[in-house]
Amino acid sequence: MKSWLEFEERFRRIVALLQYLRIDFQWGAAGEHWRLCGMSSNGLTRQFDTLAELTGLALLECAKAHVELLPLVAKEKEARHVWYRALKELVVEASANLCLLLHARYPLQMQEKQVTEIRISNSTIGILNTGQIKNIESIIINIGKLNDVGSDEVANALKNITSAVAESTDLTADVKSNTLEQLENLSEQAVLPVNDRSKPGVIMAVFTALNGTLAAAGSLADIWSTWGAAIQKFFGF
């Protein structure tokens, strides 16, 4: 298989059929041991184990180009165990990504509060990197705070612009990261009391940089022309 998306599709085919399958991990004086359990061994469990073997080999290959993966893959001798360990050690990050996806698709209905809803498709979640997801999570929290104090106009502006940037295919990964960082910075400044914010010139510089990127970014230009003025009005420049 040539990409992680192909592996994703193969795993997804057997999700419902292997819903009770689990991986046990034991450690101690006798060493570390992995074991598939929860379901009897059959063709489907063997299919999962084969996929784990293939994805483990793919992860080992990735580690040749991405040294940050070496501590993860170096602990195991068998390729399938490399994949099992990745599932174990990356579970917290996977949980964070799942929470973001659930927030985008199925926002909690909080009584007497406006729900902060940033719509991000499943395919987009897959291509956002960890830093970009953290930027979006922070922006979502700040939008919620702005809604709580009645600053709905700037909250809506940040929500719509962030959604459009996250979904955009007009921005390179680096430009998208920089743009989300700028939006996060503005959202952080917006929730602060006026006297606690950075100097107006600093905030203006962030806004100007954002304007330069989005005004020239294809479909994002319309989003920016619709919502950028609300951010400018909120900060008073």
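The values are calculated or read from the model by the stated rules, or taken from the named source; none is laboratory data. Treat the numbers as computed from the prediction; the structure is a model and nothing was measured. Using ideal geometry, Cβ is built from the backbone for each residue, glycine included, and neighbour counts are taken over all protein chains shown.
A compact table of results
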quantity: Residues (at positive phi and either without any contact (Cβ under 8 Å) to a residue 12 or more places away in the chain or loosely packed, with under 11 Cβ neighbours inside 10 Å (or both)) located in the stretch 21-50; calculated: Gly28, Gly31
quantity: Residue list for the stretch 55-65, restricted to those being closer than 20 Å to Arg22 by Cβ and surrounded by fewer than 17 Cβ atoms within 10 Å (Cβ to Cβ); calculated: none
quantity: Leu102 vs. criteria modelled with pLDDT under 80, under 30 Å from Leu183 (Cβ atoms) and assigned to a loop (DSSP other than H, G, I, E, B); calculated: no
quantity: Some residue of the stretch 9-29 being of a type in the set (D, E, K, R), farther than 29 Å from Leu128 by Cβ and out of contact with any helix residue (DSSP H, G or I) (no Cβ under 6 Å at 6 or more places or on another chain); calculated: yes
quantity: Scan of the stretch 204-226 for residues that are outside any helix (DSSP H, G or I) and either outside the structural domain of Ala173 (by TED's automatic domain parsing) or surrounded by 18 or more Cβ atoms within 10 Å (Cβ to Cβ) (or both), ordered by number; calculated: Ala217
quantity: Contacts under 8 angstrom Cβ, first residue in the stretch 2-20 being closer than 19 Å to Met39 by Cα and touching a residue at least 12 places away in the same chain (Cβ under 8 Å), partner of a type in the set (Ser, Thr, Tyr) and surrounded by 12 or more Cβ atoms within 10 Å (Cβ to Cβ), 6 or more apart; calculated: Leu18/Thr45
quantity: Residues of the stretch 227-237 satisfying the condition of being surrounded by 11 or more Cβ atoms within 10 Å (Cβ to Cβ) and either over 22 Å from Asp174 (Cβ atoms) or aliphatic (A, V, I, L, M) (or both); calculated: Trp227, Ala229, Ala230, Ile231, Gln232, Lys233, Phe234, Phe235, Phe237
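Okay, residues lined up against (1) touching a Lys or Arg at 6+ places or on another chain (Cβ under 7 Å); (2) within 24 Å of Leu21 (Cα to Cα):
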{"site": "Val67", "(1), (2)": "no, no"}
{"site": "Lys75", "(1), (2)": "yes, yes"}
{"site": "Tyr84", "(1), (2)": "no, yes"}
{"site": "Ala94", "(1), (2)": "no, yes"}
{"site": "Cys99", "(1), (2)": "no, yes"}
{"site": "His103", "(1), (2)": "no, no"}
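Per-residue answers, yes or no, for (1) hydrophobic (A, V, I, L, M, F, W, C); (2) in the same structural domain as Glu9 (by TED's automatic domain parsing):
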| residue | (1), (2) |
| --- | --- |
| Phe25 | yes, yes |
| Met39 | yes, yes |
| Thr45 | no, yes |
| Cys62 | yes, yes |
| Ala74 | yes, yes |
| Arg80 | no, yes |
| Ala94 | yes, no |
